[in-house]
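Right, one structure below, let's go through it.
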Amino acid sequence: WPFVQTFLTHKTAPIKLFDKSFVFETYGGKIYVASKIDMDLDVISPDGKLIFNIKHPYEKIKFTSEDRKKVLNYFKNNPGTKAIFEQFKKRLVFPDIYPAIQNFFVSDDKINVMTYDEKDNKIVFYIFDLKGKFLRKGKAQLIRQTPMDIFPFWVAYGKMYQVIDNEDEEEWELHINEFK
């Protein structure tokens with residue numbers, strides 16, 4: 001929770017939410033890094049040298065007032081921020097648009113880029129080969145615990161594998177959704 005850390009260590013600093021991506025992964029002796037607001041990934045060698053960059057046009061997703069309400073409600077009810085919520089919310093800075101990349105997964109010689117574009121519990125993915133060539137878009141169902149928390153999942157072989165807590169049966173279930 002870097003934003004809680006910012007709140008606690010920098011007493012007056014604004015807390016910027018969704019201002020850029022920062023995710024990375026290793027695969028095949030390379031480091032893949034997304035650290036900007038655009039659809040932009042750096043592919044880096046183990047010694048830290050840029051090998052190449054992947055950029056791709058994408059649909060910008062607006063951060064809506066409904067999104068803002070969901071985020072505020074999450075922080076208001078979360079045990080980690082509940083006690084400091086009133087002071088915390090005053091410092092939150094919301095974006096006009098989401099970053100292009102929410103997360104990404106490199107597996108089976110593909111880069112599966114997860115966006116914030118979500119409709120009917122389906123997330124849009126941009127799929128690239130390992131050289132950065134755009135292959136296609138795909139969608140997969142994503143089940144959330146709360147508006148901010150996603151049940152554990154992984155992407156590989158053109159599918160999303162997600163572990164869901166079935167509270168009625170008191171057991172975990174594996175859901176497998178193919179990209180459509």
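The values are calculated or read from the model by the stated rules, or taken from the named source; none is laboratory data. Everything numeric here is computed off the predicted structure, so don't read it as measured data. All Cβ positions, even for glycine, are placed from backbone atoms using ideal geometry, and neighbour counts span all protein chains on display. Ligands, DNA and RNA are stripped out before the accessible areas are found, and what is left, the full protein with its side chains, is counted by its heavy atoms. Shrake-Rupley method; radii C 1.70, N 1.55, O 1.52, S 1.80 Å.
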**Report entry** Calculated FRET value between Trp172 and Phe24, using beta carbons and R₀ = 30 Å, to 0.05
**Finding:** 0.65
Report summary line: For the stretch 1-141, dividing by residue count, accessible area per residue (probe 1.4 Å) in Å² works out to 58 Å²
Query raised in the report: Once the Cα atoms of helix 65-77 and of the chain are each reduced to a long axis, what angle between those two axes, in degrees from 0 to 90 to the nearest 10, is obtained?
Result: 70 degrees
**Report entry** Rounded to 5, the percent of DSSP beta bridges in the chain classed as antiparallel
**Finding:** 95 percent
Requested in this report: Would you please classify the overall shape of the stretch 46-138 from the alpha carbon gyration tensor, given that a ≥ b ≥ c denote the square roots of the eigenvalues, rounded means a/c under 1.5, and beyond that prolate means a/b larger than b/c while oblate covers the rest?
Outcome: prolate
Report task. Roll a 1.4 angstrom probe over the protein heavy atoms and tell me the percent of accessible area of the stretch 110-154 that is carbon or sulfur. Result -> 51 percent
Query - Kirkwood hydrodynamic radius (C-alpha pairs) into Stokes-Einstein, the stretch 23-180, 25 °C and 0.890 mPa s, D in µm²/s - result: 141 µm²/s
Query raised in the report: Roughly speaking, to the nearest percent, how much of the stretch 37-83's 1.4 Å accessible area is carbon and sulfur?
Result: 53 percent
Query - Those aspartates and glutamates that a straight Cα-Cα span of less than 19 Å connects to Lys90, excepting residues fewer than 8 apart in one chain - result: Asp19, Glu66, Asp67
Query raised in the report: Can you pick out the pairs among Lys89/Lys137; Lys60/Lys180; Lys60/Lys119; Lys16/Lys62; Lys30/Lys119 whose Cα atoms lie more than 24 Å from each other?
Result: Lys89/Lys137; Lys30/Lys119
